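I have placed the structure first, in the form of structure tokens, so that the comments after it can refer back to it.
Read-outs: derived from the displayed coordinates by stated rules, not from any lab. None of these values were measured; they are calculated from a predicted model. Methodologically, a virtual Cβ is constructed for each residue, glycine included, from the backbone with ideal geometry; neighbour enumeration extends over all protein chains shown.
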Amino acid sequence: MKLVVGADHAGLALKQLVAGELQQRGHDVLDVGTFSSEPSDYPDFAELVGEAVVSGKAERGVLVCGSGVGVSVAANKIPGVRAAVCHDTYSAHQGVEHDDMNVLVLGGRIVGTALAHDLVAAFVNARFSGEERHVRRLEKVKALEKRYR
């Protein structure tokens with residue numbers, strides 16, 4: 001799978017570990033930064049990851065900041081992005097299966113490396129169910145997005 005990863009300075013270390021793990025599992029990983037521990041602005045990386053997903057440069061994305069909240073809020077401002085903070089494996093796969101989540105968000109100061117690997121694996125291995133009720137709900141989400149664009 002083609003994946004894009006991004007993080008601000010607070011998520012840098014976890015992003016690097018996640019990217020390495022994904023590459024070891026055979027995924028094609030586009031890393032859009034940051035590449036420095038110098039303070040940076042999370043909306044910049046949320047935009048880069050979101051744009052890569054929406055444009056088709058990547059199928060899905062992983063974003064990391066200190067708590068995960070900032071990049072989640074910023075990424076969800078991009079039409080077509082469905083990002084969620086997930087700190088448990090159920091949400092990481094269920095978000096894809098039911099809601100067609102396309103960006104997984106992690107808190108680099110909250111999630112340990114072992115859990116992060118499990119979360120990313122659950123996210124990457126999940127598929128949208130295509131069940132009628134989930135499609136109907138997704139269409140309603142897309143309609144909201146259009147209405148408030």
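Odds and ends about this structure:
- Restricting attention to the range 63-91, the residues being assigned to a helix (DSSP H, G or I), more than 27 Å from residue 37 (Cα to Cα) and small (Gly, Ala, Ser) number 1.
- Subset of the range 122-149 that is in contact with a Lys or Arg (Cβ under 8 Å, 6 or more places away or on another chain) and within 19 Å of residue 4 (Cβ to Cβ) - its residue that is surrounded by the most Cβ atoms within 10 Å (Cβ to Cβ): 123
- Members of the range 114-142 that are assigned to a helix (DSSP H, G or I) and among the acidic types (Asp, Glu): 118, 132, 139
- Test: residue 111 is touching a residue at least 40 places away in the same chain (Cβ under 8 Å), surrounded by 19 or more Cβ atoms within 10 Å (Cβ to Cβ) and part of a loop (DSSP other than H, G, I, E, B): yes
- Checking residue 69 against (1) crowded, with 20+ Cβ neighbours inside 10 Å; (2) under 12 Å from the mean Cα position of the chain (by Cα), the condition it does not meet: (1)
- Residue in the range 42-50 that is surrounded by 16 or more Cβ atoms within 10 Å (Cβ to Cβ) and outside any helix (DSSP H, G or I) present: no
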